[in-house]
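Down below is the structure, laid out as structure tokens.
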Amino acid sequence: MAIYHSLLLTIFLATTSFAQKLNLVTLQYPPYQYESAGEVKGIAVDIVKEAFGRLGIQAEIRVLPWSRAIRYIEQGQADAIFTAFKTPEREKFADYSNEILLWQTISLFVRSDSTLEFNGDLETLRGMTVGVVKGVNYGKSWAAAMNEGVINSVELSNEGEQNMRKLLVGRVPIIISNRFGAYANVNKAAQLNDIRELKPALEHIASYIAFSKKRNLALTRDQFDQTLKQMKQDGSYQRIISTYYNKLR
């Protein structure tokens, strides 16, 4: 009997420990999420940690190349991923939060000495090489332009900082990027005046946290949704965002 109770206690502690700890993956994408001096920081990181902290769950976050992070969720090698755009393909293997984690603005960027202009029609970029981050979804209009062959030449990078460096040194004439991600990268390099954002913006897209369906975390997803909604109502969500955005002005 003692052995039986000991076994039950071991199972209970193991289950409790698992329930209070999640393995999350993301990409190097400042100011939303980035690794610096061995610590993962950023707007989305602070929001995610605050939400899970309120639930009594420890969130361990790893920064990986985006395509690998997506694969980890598909294969069940990680519990959740952020900040992810919602696509039909990803919804096959990921349970997305219903609450939006962050809105992101997708824009095109050139060097400040470039004469290139943009009127909102991607057809004007036909024949040009555009810098992109491998595995990143840039929204419906960009995907359509790729599928239709309007954009047929891309220079792939593993993360946003590398993509921006290629633009700054003239390796590519134009890149596509999250607006604040681009500004964070050039601000870090003290080259804010060396780039120009083309207007209008390409798209405004909602991004989410998404849980691997193979990890059976639909209930945790629902709890996260409720907590994130509370954070938006009590003002803590906006305070986290404002802290970072004010640094980019």
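Hey, can you tell me all the residues within region 22-56 that are surrounded by 18 or more Cβ atoms within 10 Å (Cβ to Cβ) and hydrophobic (A, V, I, L, M, F, W, C)?
Passing the criteria: LEU22, LEU24, VAL25, LEU27, VAL40, ILE43, ALA44, VAL45, ILE47, VAL48, ALA51, PHE52.
So which residues in region 119-138 are closer than 24 Å to TYR32 by Cβ and either surrounded by fewer than 16 Cβ atoms within 10 Å (Cβ to Cβ) or in contact with a helix residue (DSSP H, G or I) (Cβ under 8 Å, 6 or more places away or on another chain) (or both), if there are any at all?
GLY131, VAL132, VAL133, LYS134, GLY135, VAL136, ASN137
In region 175-192, which residue that is among the aliphatic types (A, V, I, L, M) and free of Cβ contacts under 8 Å to residues at least 60 places away in the same chain is surrounded by the fewest Cβ atoms within 10 Å (Cβ to Cβ)?
ALA190
Given region 2-114, what strands (runs of 3 or more DSSP E) lie entirely inside it while holding 1 or more residues that are modelled with pLDDT of 95 or more and within 12 Å of the chain's Cα centre (by Cα)?
Passing ranges, in order: 21-26, 58-63, 80-85, 102-111.
Test GLY135 against the stated conditions and say whether it is part of a loop (DSSP other than H, G, I, E, B) and more than 21 Å from LYS199 (Cα to Cα).
yes
Among the residues of region 193-245, which ones are closer than 19 Å to THR83 by Cα and assigned to a strand (DSSP E or B)?
LEU202, GLU203, HIS204, ILE205, ALA206, SER207, TYR208, ILE209, ALA210, PHE211, SER212 - these are the residues of region 193-245 that are closer than 19 Å to THR83 by Cα and assigned to a strand (DSSP E or B).
Mind listing whichever residues of region 207-249 are aliphatic (A, V, I, L, M), surrounded by fewer than 16 Cβ atoms within 10 Å (Cβ to Cβ) and touching a Phe, Trp or Tyr at 6+ places or on another chain (Cβ under 9 Å)?
Listed by number, the residues that qualify are ALA218, LEU248.
The values are calculated or read from the model by the stated rules, or taken from the named source; none is laboratory data. Everything numeric in this text was worked out from a predicted model, so none of it was measured. All Cβ positions, even for glycine, are placed from backbone atoms using ideal geometry, and neighbour counts span all protein chains on display.
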